[in-house]
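Here is the structure we will look at.
Readers should treat all values here as calculations from the given coordinates under stated rules, not as data from a laboratory. Just so you know, these numbers come straight off a predicted model, no measurement behind them. FYI the Cβ positions are ideal-geometry reconstructions off the backbone, even for glycines, and counts take in every protein chain you see.
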Amino acid sequence: MIEMRRVLRLGLLAGVSMSFLGSIGMVETFNERTLIDPILRMGDLFFYGTLLTIAYFAARGEVNVLEQPEVEMGTGTLTGAGVGLVAAAFTSAFLVLIDSVNVLEFFPNMDQSMIQSLTFEQGIPIGLLLLGAASVVAGALGGLLPALSDRTRKSIWLVSGWVISISLLEVVVADIVESRTVIRAIYAPGGGLRLWSAAAIAVLVVVLSRRYEGRFGSFTTRVRESDAKSRLRRSLIALAVFAAIVLPMLLGGILNELLINVSLFILMGLGLNIVVGLAGLLDLGYVAFFAVGAYGTAVLTSPLSPTVSPELNWWVALPVVLILATLAGLLVGTPVIRMRGDYLAIVTLGFGEIVRILLLSDWLTPIFGGSQGIRRIPGVQVPFLGEVGGTRPELFVYLTTIFVLIAAYISYRAQNSRVGRSWAAMREDEDVAEAIGISTVRAKLLAFITGAIVASFAGALFAAKVGAVFTNSFDVLVSIIILVVVIVGGMGSIPGVVVGAFVLIGVLGGPKSPGLLQEFAEYKLLFYGAILVVMMLKKPEGLLPSVRRSRELHQDEMSQDAWLDRDTGHVLEDRLET
Amino acid sequence: MLPRQVAANSTTTTSRTRRFRFNWVDGFLWFIRVAAIITIVVGLTGTIQNFMAGQGPSVEQWRDLFVSSISTGAMYGLVALGYSMVYGVLGFINFAHGEVFMAGIMVGWIAATIMFQNGLWDGNPFLALAIVLVVAMVTSTLIAVLTEKIAYRPLRGSPRLIPLITSIGVSFFLQYAFAGLFGVGLQTYPPPPGILSRDINVFGVPIEGTKLLVILVAILAMIALWYFVAKTKTGRAMRAVAEDKEIAGLMGINVDRTIITTFAVGGAMAGVGGLLWALLFRNVQFITGFLPGIKAFTAAVLGGIGNLPGAMLGGVLLGLFEGMGPLLVLDGLGIPAVSQLKDAVAFSALILVLVFRPSGLLGERLGSEERA
Amino acid sequence: MFKNKSTRLVAALSALALVVAACGDGGGGEDFEAGELGAVTVESGESIQIRSLQVLTGPDATLGIPEDRAVRLAVADYGQIHGHDVEVGTGLDDLCSADGGQAAAQTIVADDQVVGVIGTSCSGAATAAMPLISDDGMVMISGSNTSPALTSDLAGTAGSDYHEGYYRTAHNDLIQGAAAANFMFGELGLMNVALIHDGDPYTQGLTTAFENAFIELGGTITVHTSIPKGTTDAAGVLTEVAGSSPEGVFMPIFIAEATAIAQQKGNVAGLEDVVFMGADGILSPAFIEDVPESAGFYFSGPDVRFGENTNEATEVNAQEFLDAYEAEHNEAPTAPFWAHAYDATTLLLQAVESVAVVDGDTVHIDRQALRDELDSVSGFAGIIGTLNCDEFGDCGAAAITVIQNTDNVYANATENVVFSYVPEG
């Protein structure tokens, strides 16, 4: 049964989305990167990928949690093709409109080059036919997907994922494998995988996934099930530590720089994780603690620091910075102790802004340097290696890794200590926690202080790395990005924060630093916003959630599943042990 | 008193350390109160001394600043209404409301530019402004309703922080979607039609035409809103849903539709606020909504969240605090470059209000869930 | 220890990784003797690599994009060097911030083949980028950095951010501050001036330079305040300024805040007869034409009366460049530093061509020799004028002009020079 209204509705949605992507210039910019030479460019991937996704949902029909969608291959394909057709019609109409009416005054991106980029460089009218054909095909494919067996779908998913990832990670691969001949063999000169390498990867992935089918699934289950002391956990941690030691030696400057940025965000993420994830306090002004660490270090170590200039060694300055951070944590935490969750969010945001404004102010320039910032901050003195700063990223990355490990340890111990349990109780229901004798005041203050200390580590490292501090590195955007990292990775989960940081900061880029792919720079925050919304709607516990958090957020679903005795991996009784 | 406050102030708990802790926290809070009062008094004295000595702004300049601050405040108030209503009904801060506001101004700019180019802007200014008003209101309402449908409705019933975080995501998405569509630069409205640039005498005080219009429109909008909420059936439904969603549903009110209406009305008010912004400041950029949005929420809290007259009062007060605060208080303390600290004053006002009087000036009006 | 299957797997993988990393393409042997900073060898068929590092995204992109485009046009105009093409590669983004500059610099120094960089747009980015670029032996020439800290105080003392290998064709802000002060004091006869910056190191540096010069001339600064970036309600700042009763206001800020100030100054009593002056941040059609209230404003900035000045390396003059730019990008440059970036590029390319040692089809470029060559630039004819590099990298033509906007037409305004300033010595 093909539901015409549904096809029409979703086709229109697809058309609007596609036109939107074109209108903001994303397709054009992304098309500068070829994924598979010469057939697939990144812009086209997003463009038609959006259509494919919508067609998939169109064909799948109304989804009931209890049922597997039963879609017949022919119906699905036709539905998808229909969606594609409607989308193409809308988009074509849109392009024709743009072609005839000059709206460049209002929408600078809706120019001829946008039309070209959406029509395979062929323009109107030939390009529209191509657009139509490609849309129908993409839609049909999307519609076909639900009709396939789970296994086939999974293979397609895996193959696409691996091919695209390897194509995008060209820079990383080239950095590790320093042989130009090998790189030239796999990748085409203009960028992107060669056709044969894409095919080879596809075959390899399919073969390996079939061979080890089920083994990977049971492996992840064993990981999740394992408790902290098991050998499995220990070997995984050892592997991670080993990778952290070996990796910087293999990578060049660019990637080590990226790794440092990612590590700093992991560090701050771990700190915010304690405040938001463990204690449940939504702190939107977290960057203030980061600034305390950075400016504290700057004032104490730089010879250019006006007025107060003890020019201490970084290591000597660190304890002083920690004390400052503790004071900051108290200063911010005390007034907000009795505030409701959302008020807390806004007030902490206010605190963050106040700190930034004060650091920038002409009034406090004699201490903090004001608009000129504080420059000439020396790097960290390491025995035998001399001064290590941003000019030696391959060494600095070890410093950041060490602090990340320290923070992870603090986080881990805190979580499983008495304080951690009082945080969990407080998060569940503050009044009940008070009633059973937990001092929420103490718990909240401790959360703020610990979070502040971890952030100040990051700040101190940041100051030593960049060698100069300016207030525009400490605005509210940074706080929010850290929050997104923690949430997308998994609130309350340490590995989650690490994964979140790698995925977001590493690939998309941080607020002030580029990620792996230069093209994303303009659209970075658009993606952050979209990812946050999608995650909150679909998987609020994050990518690598802590078990407890999953349980909290999916209470209704889980009890329903348990009642139906359906195996979602774990039954409720098992989880109660955690 | 909220149960939490009861527990906090309870002296029946046994541990000595706990009582000590509470006194310490309370002591610190008192310290903040006292410090704030001293700062304000000393600052004011200093400014008055300067004024007597002939330094600093003259009477006319203070007067002009006062008028500017009030009109900015009126605009904050209108935007604050949206925050207040949504918080009253759904219990979370809709971060994206600032972008709803910005969207109205942006699309209104297209209308204004087109009208300017074909002469309507100067030819028939009130008609032109009315058109811009309608465009802004429609846009803002549309965006508000869309965001509710796509991002917030699926999350009804989630723990409180989830919709808040989602709204942050929506806020970002909207900001950068508009940046992508319109470009990152500043878009300027055409200059206000001649009539409005002149000063009009009100009780002997010359007020610039635009400022007067802003204040008038704000008052009209407030009256219209009050009428809507107090007298119409939909308004009554909104109040009922704000009071208790479940029971309102049991009473036969279509809760979903009412919530959409709430968002829509909030959006419409933001659209009006957008027009006022366009009149006052004439520029718009994709980031225009963010800071004013936060300040508007501050205004809503100042007046008492969920309380509509409170939102308006809070807006005006906030406009006064941030507009006149730096010069009135900080300058007297001898701080250089006080205008730099304007936003810090606005946020300090927020923090002080929440320390002095957490329920806001006119008291909160919350639904049953939030009151628990 | 190796009993565990996973451990064995890990060991095998890491061994493989180490082997792979160790086997790279080795460098070829050289007969050419490189100096202490090393040299770049460009083999037959390869291109000479330079990079462009400007602000390409965000609200300040209107400053950096014209410079990036000018670099590419200059490279195209210059042609080959000893039979090798010159490649600029993808434009790098300095995000107008220190960490952005450092991250981009990291990308540059990671590639040994890069000879030099044209950039950055913003002084803050250069502060963080230079330590890396300098340590790696490369050179960087900026077309728009103006902070004195990056070069010197023009009196023989190196600036606090000076690093070897840094040069610029833009002027030093000490000159512009002095020029503006001399104009307001000498030409207009103003004794009391208010200053407004916006928290940016460039604007605050310029107001400070103005303050020092103005006070030395005998004037007074009535108030030195700031309008934070992103402010749309300028009533407070304007009242603060008006309250100090100035005769003139120097506000070397950027378009967004300047627009707010220009549009709202009519609302504040007491500013009717005050003279307003901005700097190169608002020397753009987006302010002069789109904001009618900017009529009457003065603007200090680099002397853009390029007239018939012709770049000696490419023999292109300003008008030819602008025509080519317009043809390629459908718009005029949105900031005045395109000429500086153009000249900077040609300066670099000419220096490279001079010091290059040709060895058949291969070319060797010694880094120290390149620096020495740039240090000794004298009498280079560029579009902006005659370039001479001093010992700290200031190569600019050091000519500041003050123009006045009378009719909101950008072309007319740039021609309407009311004051010219060239420092003595």
Checklist entry - Do the sum for the protein assembly as shown: with -39,500 (n - 2.57) for every DSSP H run of n ≥ 4, divided by all residues, what is the mean residue ellipticity at 222 nm, to the nearest 500 deg cm²/dmol? => result -19000 deg cm²/dmol
Next on the checklist: If I model a spin label at B:Phe203 and C:Glu43 as a point 7 Å from the Cα along the Cα→Cβ vector, what separation in nanometres do I get?
Outcome noted: 8.5
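Rank by packing, highest mean first: peptides B:80-91, B:197-208, with packing defined as the count of other Cβ atoms within 10 Å averaged across residues. Each step should come with its number before you reach the end.
Working: B:80-91: 28.0, B:197-208: 12.5.
Most protected by this proxy first, the peptides run B:80-91, B:197-208.
Set the Förster distance to 22 Å, then compute FRET efficiency between B:Ala35 and A:Val320 from the Cβ-Cβ distance, nearest 0.05.
Details: r = 25 Å, r/R0 = 1.14.
It comes out at approximately 0.30.
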Checklist entry - So how far apart, in nm, are the two label points at B:Arg257 and A:Lys154 if each is 7 Å from Cα heading toward Cβ? => result 4.7
Checklist entry - About its Cα centre, how strong a charge dipole does segment B:159-310 have in debye, to the nearest 20, once Lys and Arg get +1 and Asp and Glu get -1 at the Cβ? => result 140
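Using the Cβ atoms and a cut-off under 10 Å, what net charge is assigned to the surroundings of C:Gly382, where Lys and Arg are +1 and Asp and Glu are -1? Don't jump to the answer; show the numbers that get you there.
Details: positive: none; negative: C:Glu312, C:Asp343.
Net of charged neighbours comes to -2.
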Checklist entry - Given the protein assembly as shown, what whole percent of its Cα pairs are spread farther than 57 Å? => result 18
Next on the checklist: Stokes-Einstein diffusion coefficient for segment A:253-482 at 25 °C in a medium of 0.890 mPa s, Rh from the Kirkwood formula over Cα pairs: what value in µm²/s?
Outcome noted: 138
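Classify segment A:1-62 as rounded, prolate or oblate from the Cα gyration tensor: take a ≥ b ≥ c as the square roots of its eigenvalues, call it rounded if a/c is under 1.5, otherwise prolate when a/b beats b/c and oblate if not.
Here segment A:1-62 falls in the oblate category.
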Item to check | 5 angstrom amide H check on C:Gly119, placed H, neighbours 5+ away | outcome: C:Leu53, C:Ile141, C:Ser142, C:Gly143
Checklist outcome for this item: Total charge of the residues flanking B:Leu186 in space, meaning their Cβ is under 13 Å from its Cβ, with Lys and Arg +1 and Asp and Glu -1, is -1
Checklist entry - Amide H of A:Ile377: which non-local residues (sequence gap of 5 or more, or other chain) have their own amide H closer than 5 Å, using H built in the peptide plane? => result A:Ala468
Item to check | Equivalent ellipsoid dimensions for chain A as semi-axes, Å, which come from the Cα gyration tensor, largest first | outcome: 43, 31, 25
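Order these peptides, A:376-388, A:284-296, by their mean beta-carbon neighbour count within 10 angstrom, highest first. Before the final figure, lay out the partial values.
Working: A:376-388: 15.8, A:284-296: 28.8.
Top to bottom by mean Cβ count within 10 Å: A:284-296, A:376-388.
Taking each residue of A:250-259 in turn, how many C-beta atoms of other protein chains fall within 10 Å of its C-beta, and what is the average? Could the numbers behind the result be given before it?
Details: counts 6, 2, 5, 9, 8, 2, 2, 9, 3, 0.
Mean inter-chain Cβ contacts per residue within 10 Å come to 5.
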Item to check | Backbone N within segment A:1-30 under 19 Å of label point (7 Å from A:Val103 Cα along the Cβ vector) | outcome: A:12-29
Checklist outcome for this item: Distance in Å, no decimals, from the C-alpha centre of segment B:291-334 to the one of segment A:283-312 is 31
Checklist entry - Using the alpha-carbon centroid of each, what span in Å lies between segment C:337-380 and segment C:238-278? => result 45
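Need one word for chain C: rounded, prolate or oblate. Basis is the Cα gyration tensor (sqrt eigenvalues a ≥ b ≥ c); a/c below 1.5 gives rounded, then a/b vs b/c decides. Spell out each step's value before the answer.
Values: a/c = 2.23, a/b = 1.70, b/c = 1.31.
Prolate, because a/c is 1.5 or more and a/b exceeds b/c.
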Checklist entry - Separation of segment A:317-379 and segment A:422-497 by C-alpha centroid, Å? => result 14
Next on the checklist: Between 0 and 90 degrees, rounded to the nearest ten: what's the tilt of helix C:173-182 against the longest Cα principal axis of chain C?
Outcome noted: 10
Item to check | Dipole moment magnitude, nearest 20 debye, the protein assembly as shown about Cα centre, only Lys, Arg, Asp, Glu C-beta charged | outcome: 8200
Checklist entry - Using a ≥ b ≥ c from the Cα gyration tensor of chain B (square roots of the eigenvalues), is it rounded, prolate or oblate, where a/c under 1.5 gives rounded and otherwise the larger of a/b and b/c decides, a/b for prolate? => result oblate
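I'd like the antiparallel share, as a percent to the nearest 5, of DSSP beta bridges with both residues in chain C. Show your work: numbers first, answer last.
Details: 22 of 52 bridges.
Just about 40 percent of them are antiparallel.
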Checklist entry - Which cross-chain or sequence-distant (5 or more) residues have an amide H under 5 Å from the amide H of C:Val418, H modelled 1.01 Å from N in plane? => result C:Val402, C:Ile403, C:Gln404
